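Read the figures in this text as sums done on the coordinates, not as results from a lab. The structure presented is a predicted model; accordingly, all values stated were derived computationally and were not measured. Quick reminder, even Gly has a Cβ in these numbers, built from the backbone with ideal geometry, and neighbours come from all protein chains shown.
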Amino acid sequence: MKKSRNLTENDSFMSILASITSIAIGLLFGFLLLLCLNPKNAVPGMANLLTKGATDLGNVLYRSSPLIMVGLSVAFAYKVGLFNIGASGQYTMGAFIALTFAVKLQMPWWVCLLGAAIGGAFWGIFPGLFKALFNVNEVLTSIMFNWIGMNLVNFFIANMPIMLATAWGSTASDRTAPLTEANPAAIIPHGGLDKLLNYPYVNISIFIAIIIAIVMWVILQKTTFGYELKACGLSRNAAEYAGINAKKNIVLSMVISGALAGIGGGLFYLAGGGQYTILQQIESAGFDGITVALLANCHPIGSIFSAIFLSYLRLGGTAMQSQGFATEATEIVTSVIVYLAAFALLMRMTLGKLMTRKKKEEKAK
C-alpha cells in the first residue's frame, strides 16, 4: 500500500499514467468510429493502424525526428509560461535557411543544420520581444509571424532561381531543388540505418533529436539558467522580486524555442526525401508539436516517445485505406486519437483528483 501511495505522488508516474489512459480512450473512440463507418472491416482496419508502424520502423523514425524537435519547441516555451504557437513559422524559416545553405551556398549538412537553428531562433525572437517589452500575448504575435514567415519564404524562394528544381533539370517550378542533385553533402548521413531498417531516408537525425531532448532536460532540471526560466513561468512577478531578469529570460526562451523548431525543419528537408513546396497554407508540423508537447506533459524526454507515437499513428492511419476506409475516414480516426491524447494534462488532473478522493475515503475509514 505504501509503495502504491508513493507512485501516486510521483509526478513522472502520474504523467505517464495520464498519457497512457488518454491514448487508450482515444483508441477506443477510434475503434467505435470504425464500427460505425464499416463494421465488417473495423477489426482489420484497427489492426493496420496498430501494426503498420512496427513493420515500417524506418519510416516512423524518419517522420519522428522533426516532430521531436517541434514538440521540444512548444514544451520548452511552456515551461517558461509561454505558449509558442509560432513553431510552424520558425520551422519554415529554419527549413529555408537550411536549404539556402545547402543549395545556394553548397555547405555540408552540419553547417546547414546550424543555419536552420539560427533561422528558427531569429524568427522566435520577435514574439519574445513583444511579450517582454510590451506584454503583447505571444499567441497573437506567433500566429501573425507564422503567416509572415510562410509568405516571406515563398517570396524569397520564388525569386532565387538557383533554389528551384527547374535550375537542376526538373520541370517542377514550385519546389526546391532535390539535394541528391544539388548538393549530396548536405544530406544528413544515414549511419547505416537505411540498410538496417530498409528505408532510404532514415538517418542519424533521430539520434540528434534525442540528444537535444536530453540536453534540454538537463538545462531545465539541472542548471541555474533552467531554474530561472521555470521561476519566470511559475510567477513572473515573484521571479523579478527574487532578482531574476524576467524580460531577458522570456526573450531567451523564445529564441531557444524557435531554434528547436528551426532544427526540426532542417532535419526534415536535409534528409534528402523532401523538397520545399511554395506553400498556400502554414506548415502543419508546428501544430503537431503542440500535440506532442501536451501528450508528453511538456517533458523534454517524454516528447521523444510522444513524437514516435504520433508518427506511428499517422503511418498506421494511411495503412487503413487498404481496408476500404477513405482518406477522410482515416484522418478522422487518427485525429480523434491524437486530440484525445493531447488532453493528457487534463487527464492527469482528473486522475489526481480521483486518487486524492480515494485516499481521503481510506483515511476516513
Checklist entry - Non-local amide H neighbours of Val136 (under 5 Å, H modeled in plane, Pro and chain starts lacking H): which ones? => result Lys131
Checklist entry - How big is the gap, in Å, between the Cα center of the stretch 252-330 and the Cα center of the stretch 17-78? => result 12
Checklist entry - Ordered by residue, what ³J(HN,Hα) values in Hz, to whole numbers, does the stretch 58-68 give under the Karplus form 6.51 cos²θ - 1.76 cosθ + 1.60, where θ = phi - 60° and Gly and Pro are x? => result x, 5, 4, 5, 4, 6, 6, 4, x, 5, 4
Checklist entry - Relative contact order of the stretch 161-252: what whole-number percent is it, with Cα pairs under 8 angstrom and at least 6 residues apart? => result 11
Checklist entry - Treating the beta-carbon of each Lys and Arg as +1 and of each Asp and Glu as -1, no other charges, what is the dipole magnitude of the chain about its Cα centre, to the nearest 20 debye? => result 1480
Item to check | Highest to lowest packing among 67-80, 152-165, scored as the average C-beta count within 10 Å | outcome: 67-80, 152-165
Checklist outcome for this item: Expected max-MSF residue from Gly286, Gly53, Gly264 in the GNM of the chain (alpha carbon, under 10 Å) is Gly53
Checklist outcome for this item: Mean Cβ-within-10 Å packing, highest first, puts peptides 314-322, 26-34, 92-100 in the order 92-100, 314-322, 26-34
Checklist outcome for this item: Amide H proximity to Asn84 below 5 Å, modelled H, separation 5+ or other chain, gives Tyr78
Next on the checklist: Please list, ordered by chain and number, the residues whose modelled amide H lies under 5 Å from the amide H of Gly274; skip anything fewer than 5 residues away on the same chain.
Outcome noted: none
Item to check | Structure-derived Kirkwood radius over Cα pairs in Å - corresponding label in (i) 25.9; (ii) 22.9; (iii) 21.6 | outcome: (iii)
Checklist entry - What ranking do 233-245, 192-204 get when scored by the average of other Cβ atoms within 10 Å per residue, highest first? => result 192-204, 233-245
Checklist outcome for this item: Looks like the stretch 114-229, by Cα gyration tensor root eigenvalues a ≥ b ≥ c and the a/c under 1.5 rounded cutoff (else prolate when a/b is bigger than b/c, oblate otherwise), is oblate
Checklist entry - Going toward the positive end of the dipole of the chain, with +1 on Lys and Arg Cβ and -1 on Asp and Glu Cβ, which of Gly265, Leu152, Pro39 do you reach last? => result Pro39
Next on the checklist: Quick check: the distance between the Cα centres of the stretch 167-184 and the stretch 223-240, to the nearest angstrom?
Outcome noted: 46
Checklist entry - Based solely on its DSSP helices, what 222 nm [θ] is calculated for the chain when runs of n ≥ 4 H residues each add -39,500 (n - 2.57) and the sum is averaged over all residues, nearest 500 deg cm²/dmol? => result -24000 deg cm²/dmol
